[in-house]
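Accompanying notes for the structure given below.
Read-outs throughout are calculated quantities, based only on the coordinates presented, and are distinct from any laboratory measurement. For clarity, every value in this text was computed on a predicted model and none was experimentally measured. For neighbour counting, all protein chains shown are included, and Cβ atoms are generated from backbone atoms with ideal geometry for every residue, glycine included.
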Amino acid sequence: MAGRSITELRGGRVYDPAHGIDGVVQSIYLCDGQVVGAPSDPSDIKVSHDLSGCIVMAGGIDIHTHIGGGKVNLARMMLPEDHRQDLVARGRHPRMGSGHAAPSTLTVGYRYAEMGYTACFEPAMLAANARQAHLEMGDTPIVDKGAYVLLGNDDLMLRMLAGKEPGVKVRDYIAWTLRAAQAMAIKVVNPGGINAFKFNQRKLDLDEQNAYYGITPRQVLLALADGIRELGLPHPLHIHGCNLGVPGNLDTTLATIAALDGLPAHLTHVQFHSYGTEGDRKFSSGAAAVAEAVNRSPNISMDVGQILFGQTVTESGDSMRQYAGSAFGSPKKSVLMDIECDAGCGVVPFKYKDKNFVNALQWAIGLELFLLVSDPWRLFLTTDHPNGAPFTTYPHLIRLLMDRSFRNDMLKTINPDAAAASTLASIEREYTLYEIAIMTRAGPARSLGLGNLGHLGVGARGDVAVYVDHPDRERMFTTPRFVFKAGEMIVRDGRVIASPTGATHVMRVDYDTSIERTLDAYFERYMTVSRRNLAVADGEIDGDGRGSLIAHGARRSS
Amino acid sequence: MPEQLAENSDPSTLHHAVACPFCGLLCDDLVVAETRGALSVTDNGCAKARIAYARPVVAASPLVNGKPASLDDALNAAARQLKRSRQPLFGGFGTDIDGARAALALAERCGAIVDHLHGRALAHNVRVLQTRGLATTTLAEVRNRADLVVLVGADINDDFHEFARRCLRPSSALAEERLATRRVFHLGPAREAPRQPGVDAESIACSREEVLDLVNALRALRLQRQPRLRGKRLQAVSNLAGAIAASEYAVFVWTPGQLGEDGDLVIGAVCDLIADINRSKRAAGLALGGNDGGQSAIATAAWLTGYPLQLSYAGRTLEYDPLRYDTARLLAAGAVDSLLWVSTFNPHPAPVTDLPQTVIGMPTAQASSMRGVYLPAGTPGLDHRGQLIRTDGVVALPLPQLRDVALPSAAFLLHEIAKRMG
Amino acid sequence: MSTLILRLEAAPDFDVDLSGITPDALKDKRLPDIRRLKLRQGQRDMALGDLFAIDGTVGGDELEIHGACTRLHHVGAGMRAGQLRVIGDCGAWLGSEMRGGTLSVRGNAGDGVGASMRGGLIDISGSVGDYLGAPFPGAVSGMKGGTILVQRRAGRRVGDRMRRGLVVIGGDAGHGCGSQMIAGSIVVLGAVDSGVGTGMRRGTIALAQAPAGLGPGFALNGHFDLAFTQLLLRHVGGLKSAWRSRLSGIASVERWVGDAGGLGEILILS
């Protein structure tokens, strides 16, 4: 083993939940981009960093962040006034850019890295827009990335369900879509509702029929969740449910969990789906009921979609709900799109105000969910960037979770009626660093089936975040001491010092290719591109040295 | 790569499902034959595409001040020119996504201001997006869901010709009943109404200048106000208002490049109309534009910088200014001291200027007489592979390489210049 | 008088961004610090003192810029208080996002004068370019308050999407004057080009000369002697003596309402 070049991260306090390591002082060794065991020959250690007083975790993984694709880019174009408040000066990063609510791709990559994140997953890629989404992600430096492709509002899926096509055909279509869009998982947004909106339906409850196809959201959910389980995809159906943002939607959320009846599923930005109708203002927290349902449903995982106060922009595939929400947007401008018989999108700038009852209660509901859901392995830390808040607020959010007195101080500053309507003040739980490491590293990696990411065991990729232990966790998580990506130091004292290109993660499952003939006919007959041109070739992602692909496979059936 | 079928004794190669880069529609159903570097469209595609594919390849040498030079010398000269320049302008921007990425990287390197050949037309849509937002749709939605399509001052006889066959009157649609009853209106000069067979547009004839007035008249009618119009014109507008009221999914199509200097006013008025319809029914807009890689250029700039071109890298931070960072204004005001012009889809000459310039793209008559550097480049989708974004801003398509004529891509040349900047 | 004076030494080769050089921003600074203030000319950072000879008195709330030229952009942008007097022409975005104080120009100004301004007074002795009082990039509305006076002509789209405030154009106004107005008042004493008030939601456009035509969304509402108009005209007449005589003969007002919703108002003075 002579000539090995090992980097030693010496004596930090390590949080590696995948291996049950909870704050143990130990050294981590990196070699050839990976975590390796302690070298038998100490002379192999070519570089050693003294990490005493430091916290060591795997690189962060954001399981739900809108970083690439048409709606993100529309938000960028729409908001020059927002960029102007947060321009990245020449020299601050390897390339210039702009930040805040709809940052440029370059700035996204650098700033995630500067917070210790090394992988980000775009949750709402459209098959029709997949090429552009990958181009944008390809220009997002440093971090690894991947995307979930939308199904369930495409006219083809609804026609298949209306035509009672056999489940195996639906599965083949799901698998083909994953491959064609180069996706990591499948997401459904307002199941069937985006399509219904194109036929002028303004709401679609779980058991309400699409006026044209006669299909209900329940049917869409079950067909997709079942197909995904059959295909053995590690990440279950990623569900943005019906009735987002509607007071009383907690019932829909509970009914959705019940409808899944044990089928694995991930419910996303649940904060926006946990609203009751109690109180004078007919708007109340449903967090307790939703958390309880999640706690007793081991098949369900979720992320919160926490809101934090300030200006942001909401970007969603849910054109139906975004249209309804555009009346409350600020500043008053919005984009609504019907997209390619595939999906839709809406972009609505929004300002969450701490003195506004609804916004303040939304803030409290998100925190209640965080604190009432007991299993951090099934709960991931998100703000649904940028819908609840830009991802750069994560350190602040972590402090809210870890520091009860800070949380209660903040609670005192919000709309007093909202504060009074929330149980937040009475919740004593404070997240531990171990739990934070689960929610932001080990949990997402396990849920997505990322194998060597999200942990620090031997063989893991050398993505490591090192923070200076500081009682102010916001400060601590804002400025890592070091961040390593594939063994290379990329951030020192919160500043990017190297900008490697991250990989794109995709999921590959086999399917009966005869589905392609069916699709060829459909595309020829109805679409405006050919099926083959819609599909994104590997070379478009990893050609010309621009990026690389990491293909994951189905979970082996036990 | 498209499928390649070798015909029996014919030396030509047939390429199927070829995406056409010559207008923002990016029709991808062309069949193109290649015979020893000569291309001809044998199926689908419009007259414009047929002419563009059939352009002969001109063996062009790089030029420095009008004299043939080696590629290396020409690249060095281009880099020297940029290094000397205190305020370069990158114009034209007629390239694919990779070319746009390379141009923006080089612009950052040398502090350039960047604009597109169709910058003003693209800015019309952007201005509406930034001040009020838009409700839009895409080509397949028009094809399958629309029961009413209104061409608002849009002439689709030359540019966007295939919109008629592919979207207005396709052979089939998911909602067959809507296709069967679909009505198409044209608002604008009668001679600009669509002439494609089978379109049968109902024409509301008016001058280009009157288009905006008639859209406002439509809005007034919807708000139960009587517009100040008379006779046939009132009848025609009322007829359209009736069609809108009866429609389930109305699509309003505009062409930013044909709307004149205040085109954003027409788009804004149409968007107000769409917003009004959407309160009770469904409607959406569609811009036909983005030629010469325009849609790709603003999209690429938006993801890399946050801004849709018309931006400057000159300062410590990016600066977006759609009023000032306009090619014609900058040249007229003498606010720049060199020009880098890229035009690889069409031989658009650089604007006339005394400034030193580097031109990348198709050979033009001007190339041999200009002061500066000329670098011949291939056309994406013909001479090299590439990617472009369609006019609806959603679908990006891969462009194939159809022949091997040893013309470098604009992206390659721009990277090579950047390497030589030292 | 405590006036700080900036004299442009030589016309700059490239565009200069003067945002931040306002009386309120300089008020509490010492002369050497003012000279060192950073500016950008094209790609180069430079000091204010490299471009301007600076003298006069510091500590006051008056600032003068002499020898201005069209390469100077964003003059007075974001100004909050005090007096800024400019002698010479200016480039684009003069007084954009201004909140208070008085900005006067003896000369012409370019495009985007008073874009998205919220308060204060801009007074221009010459002509201006397009988009006076219109939105600054990204803003959903144009000027939201304050007054802009232009003694000669204005280009296209005066007051596009303006929400509040008063604009008076002493000369002619170009195409689309008052386009997409949300509210506020525009008075044009010269001739107006086509497209007056197109797409306006509310607001008032008073024209001293009848336009060649109005869009079909406007309907004649009648001839009036409206109290409000008298107030407006008296106010405008009080602003410049030339305007007072121009307006003195106004006897009646022809009122048109539109554009689509019928709440926009065009007053033709005669």
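Okay, here's what the table says:
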{"item": "Local electrostatic count at B:Arg371 - Lys and Arg +1, Asp and Glu -1, tallied over other residues with Cβ under 15 Å", "result": "+1"}
{"item": "Sparse-neighbour loop sites [trypsin sites (Lys or Arg not before Pro); segment B:138-246; at most 16 other C-beta within 10 Å; DSSP]", "result": "B:Arg195, B:Arg230"}
{"item": "Long-range amide H partners of B:Phe93 with built H, under 5 Å", "result": "B:Leu117, B:Val342"}
{"item": "Pair-distance profile P(r), taking every C-alpha pair of segment B:123-287, with 10 angstrom steps and integer %", "result": "11, 43, 38, 8, 0"}
{"item": "Part-to-part distance (alpha-carbon centres) for segment B:75-140 and segment C:191-226, which is given in Å", "result": "39 Å"}
{"item": "Mean-position separation - Cα centroids, segment B:180-230 and segment A:356-393, in angstrom", "result": "49 Å"}
{"item": "Residue exposure sequence - A:Val25, A:Val348 - by fewest surrounding Cβ within 10 Å", "result": "A:Val25, A:Val348"}
{"item": "Peptide-level mean, for B:152-160, of C-beta atoms on other protein chains within 10 Å", "result": "0"}
{"item": "For chain B, share of DSSP beta bridges that run antiparallel, in % to the nearest 5", "result": "40 percent"}
{"item": "Footprinting exposure proxy for C:Ile266, B:Ile204 (fewest neighbouring C-beta atoms within 10 Å first)", "result": "B:Ile204, C:Ile266"}
{"item": "Cα radius of gyration and Dmax for segment C:21-168 (Å)", "result": "14.6, 42"}
{"item": "Angle in degrees between helix C:227-237 and the longest Cα principal axis of chain C, rounded to the nearest 10", "result": "40 degrees"}
{"item": "Inter-centroid distance (Cα atoms) of segment B:382-422 relative to segment A:38-103, Å", "result": "29 Å"}
{"item": "Reach of C:Lys38 by Cα under 22 Å, taken over lysines that are not fewer than 8 positions away in the same chain", "result": "C:Lys27, C:Lys29"}
{"item": "Chain B: angle of helix B:211-222 to the longest principal axis, Cα-based, in degrees nearest 10", "result": "40 degrees"}
{"item": "Total formal charge among the other residues, if their Cβ is under 11 angstrom from that of C:Thr102, Lys/Arg +1 and Asp/Glu -1", "result": "-2"}
{"item": "Residue order, fewest to most surrounding Cβ atoms within 10 angstrom, among A:Tyr173, A:Tyr467", "result": "A:Tyr173, A:Tyr467"}
{"item": "Among A:Tyr431, A:Gly248, A:Ser530 - extreme Cα towards positive end, dipole of chain A, charges at beta-carbon", "result": "A:Ser530"}
{"item": "Nearest 10 degrees, 0 to 90: helix B:119-131 Cα axis against chain B principal axis", "result": "50 degrees"}
{"item": "Rg/Rh for chain B, where both radii come from Cα atoms and Rh is the Kirkwood radius", "result": "1.01"}
{"item": "Mean Kyte hydropathy of -0.5 or more with a Cα span along the axis of at least 20 Å, helices from DSSP in chain A", "result": "A:167-181, A:217-231, A:357-372"}
{"item": "When each of B:Lys67/B:Lys419; A:Lys355/A:Lys412; A:Lys203/A:Lys351; A:Lys71/A:Lys333; A:Lys71/A:Lys485; B:Lys83/B:Lys419 is checked by Cα-Cα distance, pairs over 18 Å", "result": "B:Lys67/B:Lys419; A:Lys203/A:Lys351; A:Lys71/A:Lys485"}
{"item": "Column: log10 I(q)/I(0), Debye, Cα scatterers of segment C:92-269, q = 0.11, 0.12, 0.17 Å⁻¹", "result": "-0.38, -0.45, -0.95"}
{"item": "Neighbourhood charge, 15 Å Cβ-Cβ cut-off, centred on B:Leu117 and excluding it, Lys, Arg +1 and Asp, Glu -1", "result": "-3"}
{"item": "Spherically averaged projected area in nm², based on the convex hull that wraps the Cα atoms of segment C:1-64", "result": "3.9 nm²"}
{"item": "Normalised contact order of chain A, rounded percent, pairs of Cα under 8 Å and 6 or more residues apart", "result": "19 percent"}
{"item": "Shape category assigned to segment A:60-448 from the gyration tensor of Cα positions, a/c cut at 1.5", "result": "rounded"}
{"item": "DSSP bridge pairs, segment C:38-147: antiparallel proportion in percent, nearest 5", "result": "20 percent"}
{"item": "Averaged over A:130-143, number of beta-carbon atoms from partner chains that fall within 10 Å", "result": "4"}
{"item": "Å³ per residue enclosed by the Cα convex hull of segment B:4-54", "result": "64 Å³"}
{"item": "Amide hydrogen neighbours beyond the local backbone of B:Ile204, cut-off 5 Å, H modeled", "result": "B:His186, B:Leu187, B:Gly188"}
{"item": "37 °C / 0.692 mPa s Stokes-Einstein diffusion coefficient of the protein assembly as shown, Kirkwood radius on C-alpha pairs, µm²/s", "result": "103 µm²/s"}
{"item": "Where labels lie 7 Å past Cα in the beta-carbon direction, separation of C:Ser245 and A:Glu524 in nm", "result": "8.2 nm"}
{"item": "DSSP beta bridges in the protein assembly as shown [antiparallel fraction, %, rounded to 5]", "result": "40 percent"}
